[in-house]
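**Q** Here you go, one structure.
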Amino acid sequence: MNETIKTILSKRSIRAYKQEQIKDENLQLILNAGLFAPSAMNQQSWHFTAVQNKETLQKINQVAKGIILKSGNARLEEMAPSHKVLRGQREAPCVIFILVRKYKCN
């Protein structure tokens with residue numbers, strides 16, 4: 001079986017994290033892989049931001065939780081107080097945010 005297919009089929013979602021920080025060389029490898037990912041019309045309209053500062057991640061999560069509570073999505077609003085929403089981001093020592101420029105097709 002193709003190695004890429006094996007990797008996709010063996011992918012798992014992680015909900016519990018070690019508190020140790022990812023090694024810089026591993027983080028750089030992950031970010032570089034993202035930069036080489038294919039994009040429509042080779043726009044590469046993304047920007048990656050890795051946040052490893054615990055206090056900054058806590059602030060981001062507080063803001064995100066506030067937005068979720070005002071989202072108008074009843075299910076998310078119901079889950080937010082119990083911390084089921086954003087659980088992974090809240091506990092991970094490193095979070096990579098992927099920001100994408102809005103692209104308008106003509």
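**Q** Which members of segment 56-106 meet the condition of being at pLDDT below 80 and β-branched (Val, Ile, Thr)?
**A** Correct list: Val85 only.
**Q** To continue, here is another question. Check every one of the helices (runs of 4 or more DSSP H) wholly within segment 1-82 and list those with 1 or more residues that are surrounded by 12 or more Cβ atoms within 10 Å (Cβ to Cβ) and under 18 Å from the mean Cα position of the chain (by Cα).
**A** Helices (runs of 4 or more DSSP H) meeting the threshold: 24-35, 54-69, 74-79.
The values are calculated or read from the model by the stated rules, or taken from the named source; none is laboratory data. Note that the structure is a prediction, hence the values are computed from the model and not measured. Counting neighbours? That spans all protein chains shown, and the Cβs are built from the backbone with ideal geometry, glycine included.
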